[in-house]
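Visitor: One structure coming up, written as structure tokens, with questions to follow.
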Amino acid sequence: MAHEMMILVLQLGLIVLFARISGWFFFRVLKQPQVLGELVAGMIIGPFLLGSINIPALHGPLFPLSGGTVPVSPELYGFAVLGSIVLLFTSGLETDLPTFIKFSGKGSVVGLGGIVVSFFLGSGITVLLNPAVDSLMHPSALFLGIISTATSVGITARILSEKRKLSSPEGVTILAAAVLDDVLSIVLLSIVVGLTVAVAGSGISWDQIGMVAIKAIGFWLVCTVLGVLIAPLFTRKLKLLGSLDLIAGISFGIALILAGISEMFELAMIIGAYIAGLSFSRTDVAHEIRERIQGVYNFLVPVFFCVMGMMVNFAAMKQVIWFGLAFAVVGFIGKLVGCGLPALLVGFNFRGALRIGAGMLPRGEVTLIIAGVGLSSGAIGQDMFGVAIMTMLFASIAAPPLLIKSFTGGNGYRKSLEKDDKGAVSIELAFPGYRAAEFMRRSLAEGFRQEGFYVHRLDHNRLVYQLRQNDIVFTLIQEQEKLILNTAPEHEPFIRLMMMEKLLEFKDFLSGLESMKSPDMMGAELMKGIFSQENE
């Protein structure tokens, strides 16, 4: 036992070291998503490359091949599973459920179009180019079809944020559709996993397919609805304990329990983790929970991506290299056509449809999770897992430049759009200078904190903050010497009253400054004291 634990600690240490350095190099130097660096680090140090080198002091390789369907040890794979749970829990926390519902119309049309076209193209080419896969209901065809449907919300959101296009019609539609894609991909994953378990060793029964689908979708809907309704009441009671660390710990514990219950229902554990995160995203402490599990995230999530990279069998990939390239190209076509054409039907012009199609191209964490579940369940082999990795690498490298390029030019909507937030109220205050505006911003933030609001920064490149308490949400923006508060009409009186109170405090502060001695006199007194001490 001591020897096995020593090996595990050495493995984790090497994984964390290489994953973080490689992720930093890809992000800072190569300008690529950090996840690619972590994935490549796993490929390099994994059991199919450097990890297979014999180390005399260890009496064998550091990363020996496991005898099961997963090429790494069960202990190491357990850490990767925990990483996937943390990843989906935080993804759920960051999902803007009201925005998703608000733009669910156009986003649903675009997302469903991308899912249907991508799924049938992905599973179809799998059947066409692989003699061992004899039908669309073959587990490999089903898993690769699901893999082709997933979209990386994180990669897309990061690019849209950098381009300041998150609030554009195309940006909001892309995010709503991407969230829908990932949700439905996870539900489809649960259906396929349950179906694989249900029909193992027997023929496919449409009754079984229907039961698995009902169970998966029913579990998702019931748990989501109950979670969204209960989570605000639950956190309101927990806040009476006065410890945000305690709330974060209990929330993460609930995510783990719900993930385990999902597995008990023969569904993927990431379903429960995402439901837990989505439920707590509706509370005013969602960002506080996210911040307090950031340390766990920074440790486990790179481990997950690195372990996924370790599962890439280069020898097996050689056999499907051409199929992998063809599958990646078909995946591109599926998203561009499946999402672009529906976008044309809901009011976007060709430029806007291209932007939406390009925005749905990136693949990332959900793709890896689906592929990992397929490999661990035995539904796909090392060769098909390699195809999934190739698709993610190809999409993650080629999609961001195309998305950035597509946003050059004019409007992507065929008719002028009124702002979706036209009912919102914007309150502006101009100050004599930047320092005065900064002092007022800090005073307002502190005042709202004392009233029970949670304040967090939305954009690290700009002074944009979100203030939240239960159902009250508004933004505070500083632009040079100007402060801007955007809020709903029903909250305007309270906001204005708080601002008036802080303005009066600011006025008293300025009056106090005027009554002080002049800075020259105060400086002279300070220097006089210094000289008197030196003479003594």
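Visitor: From the backbone phi of region 484-497, what are the Karplus-calculated ³J(HN,Hα) couplings (6.51 cos²θ - 1.76 cosθ + 1.60, θ = phi - 60°) in whole Hz, Gly and Pro given as x?
Guide: 10, 10, 10, 8, 6, x, 5, 9, 4, x, 5, 5, 5, 4
Visitor: For the pairs LYS165/LYS335; LYS31/LYS318; LYS318/LYS405; LYS165/LYS482; LYS31/LYS165, note any where the Cα-Cα span goes beyond 31 Å.
Guide: From the list (LYS165/LYS335; LYS31/LYS318; LYS318/LYS405; LYS165/LYS482; LYS31/LYS165), the Cα-Cα distance tops 31 Å for LYS318/LYS405.
Visitor: Taking every alpha carbon pair in region 1-58, what does the distance histogram look like in 5 angstrom bins from 0, in percent?
Guide: All Cα pairs considered, the percentages come to 4, 19, 22, 22, 15, 10, 5, 2, 0.
Visitor: Going by average Cβ density within 10 Å per residue, which order do the peptides 439-452, 335-348 take, highest to lowest? Show your work: numbers first, answer last.
Guide: On the way: 439-452: 15.6, 335-348: 21.6.
For the peptides 439-452, 335-348, the packing ranking is 335-348, 439-452.
Visitor: Let me ask something else about it. Please give the contour-minus-distance gain from TYR297 to MET6: 0.36 nm per residue of separation, less the Cα-Cα distance, rounded to one decimal in nm.
Guide: 102.5 nm
Visitor: Calculate how large, on average over all directions, the projected area of the Cα convex hull of region 262-320 is; give the answer in nm² to one decimal.
Guide: Projected area, direction-averaged: 6.2 nm².
Visitor: A further question on this structure: Among ARG363, ARG20, ARG236, which comes first, then next, by fewest other beta-carbon atoms within 10 Å?
Guide: ARG236, ARG20, ARG363
Visitor: D for region 16-406, whole µm²/s, Stokes-Einstein with Kirkwood Rh over alpha-carbon pairs at 37 °C and 0.692 mPa s: what number?
Guide: Roughly 155 µm²/s, to the nearest whole number.
Visitor: I need TRP220, TRP322, TRP24 ordered by Cβ neighbour count within 10 Å, fewest first.
Guide: Numbers: TRP220 21, TRP322 9, TRP24 13.
So the residues, fewest neighbours to most, are TRP322, TRP24, TRP220.
Visitor: When a footprinting reagent is the concern and you count Cβ atoms within 10 Å, what order do PHE119, PHE280 take, fewest first?
Guide: Sorted ascending by nearby Cβ count, the order is PHE119, PHE280.
Visitor: In nanometres, what is the gap between the two model label sites at ARG435 and LEU345, each 7 Å from Cα along Cα-to-Cβ?
Guide: If labels sit at ARG435 and LEU345, their model points lie 6.1 nm apart.
Visitor: For region 233-269 and region 33-61, compute the distance between their C-alpha centroids and round to whole Å.
Guide: So the two Cα centres are separated by 34 Å.
Visitor: With Kirkwood's inverse mean 1/r over C-alpha pairs for Rh, give me the Rg to Rh ratio of region 314-368, two decimals please.
Guide: Working: Rg = 14.5 Å, Rh = 12.6 Å.
Rg/Rh: 1.15.
Visitor: Next up: Run the numbers for GLU451 and SER243: contour at 0.36 nm per residue of separation, minus the present Cα-Cα distance, in nm.
Guide: Stretched out fully, the GLU451 to SER243 stretch lengthens by 73.3 nm.
Visitor: For region 427-521, compute Rg over Rh where Rg is the Cα radius of gyration and Rh is the Kirkwood radius from the inverse mean 1/r over Cα pairs.
Guide: On the way: Rg = 14.5 Å, Rh = 14.2 Å.
Here the Rg-to-Rh quotient is 1.02.
Visitor: How high is the relative contact order of region 427-521? Use alpha-carbon pairs under 8 Å, at least six apart in sequence, and give a whole percent.
Guide: 28 percent
FYI, it's all coordinate maths here, none of it is from the lab. The structure presented is a predicted model; accordingly, all values stated were derived computationally and were not measured. Note that we place each Cβ from the backbone using ideal geometry, even for glycine, and neighbour counts take in every protein chain shown.
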